[in-house]
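Below is one structure; the comments refer to it alone.
The values are calculated or read from the model by the stated rules, or taken from the named source; none is laboratory data. Remember, predicted model here, so these are calculated numbers, not experimental data. A quick note on method: Cβ atoms are made from the backbone with ideal geometry, for glycine too, and the neighbour counts reach across all protein chains shown. Ligands, DNA and RNA are stripped out before the accessible areas are found, and what is left, the full protein with its side chains, is counted by its heavy atoms. Shrake-Rupley method; radii C 1.70, N 1.55, O 1.52, S 1.80 Å.
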Amino acid sequence: MGRRRVVLSVVAVVVVAGLGVSLYLFQPWRLVTDREVREALPSVTEPLAAGTGGPPVTGGPPADVVLAAGDFVTHEHDTSGRAQLVRLADGRRQLLLRGLNTSDGPDLRVWLTDRKVLSGRAGWQVFDDGRWVELGRLRGNIGDQAYDIPASVDLDGLRSVSIWCKRFAVSFGAAPLTVAGTGSAPA
């Protein structure tokens, strides 16, 4: 009888410890919670595609300019919204996330990467295979937010944005960054 009690006690301790570790790692409640962010974003106009007959930009004060943009595609979790890489009139660069809607999750980051955005499961884990720049923790899984891009970051070859779960090395969703009218990444 005494030995059985010891075995049951050990099993109970292992189960409770395993449950605690699982809850810490997976944080399942975050799949049903939302963190909404509504930052004031600069007003920018995306350039017209080449040959559309839009008015030419002439003189005047410096303006906020969209360098590249793209819409999010779903990877591990349903994700939608628009990413815009912008140069502000004062010379600073920012990544704007407009209308972002994804799942909340543990350890989510915003990355600029050199990887091509692939649809479906093929694109879930490609972003840490090449060059990436972390802009910070995702402040909210819903809403509008801006991330400063340090002046030291070379944008040449960076062609996508990923909402990256660092804990599980998987993309929740990603957006290709293309220059309007060219289909190419920003230089």
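Quick notes
- Amide hydrogen neighbours beyond the local backbone of SER160, cut-off 5 Å, H modeled: THR113, ARG115, LEU177
- Take the Cα of VAL153, go 7 Å toward its beta carbon, and the backbone nitrogen atoms of segment 64-96 under 12 Å from that spot belong to 84-87, 93-96.
- Overall, segment 99-145 carries a charge dipole of about 100 debye about its Cα centre when +1 sits on the Cβ of Lys and Arg and -1 on the Cβ of Asp and Glu, all other atoms neutral.
- The residues ASP90, ASP128, sorted by heavy-atom accessible surface at 1.4 Å with ligands and nucleic acids left out, run ASP90, ASP128 from largest to smallest.
- Solvent accessible area, Å² - ARG35, 1.4 Å probe, full protein context: 80
- Other-chain or far-sequence residues with amide H under 5 Å of ARG35's (modelled H): ASN141, ILE142
- Evaluating 6.51 cos²θ - 1.76 cosθ + 1.60 at θ = phi - 60° for every residue in segment 84-101, the Karplus couplings come out as 10, 9, 10, 10, 7, 4, 7, x, 5, 10, 9, 9, 9, 10, 10, x, 4, 8 Hz, glycine and proline recorded as x.
- For LEU67, residues with placed amide H under 5 Å, excluding near neighbours: LEU85, VAL86, ARG87
- Within the full protein context, the accessible area of LEU118 is estimated at about 70 Å² for a probe radius of 1.4 Å.
- Computed packing ranks the peptides 70-77, 120-127 as 70-77, 120-127, most packed first, by mean other Cβ atoms within 10 Å.
- For VAL65 and ASN101, the difference between the fully extended length at 0.36 nm per residue and the C-alpha to C-alpha distance is 10.6 nm.
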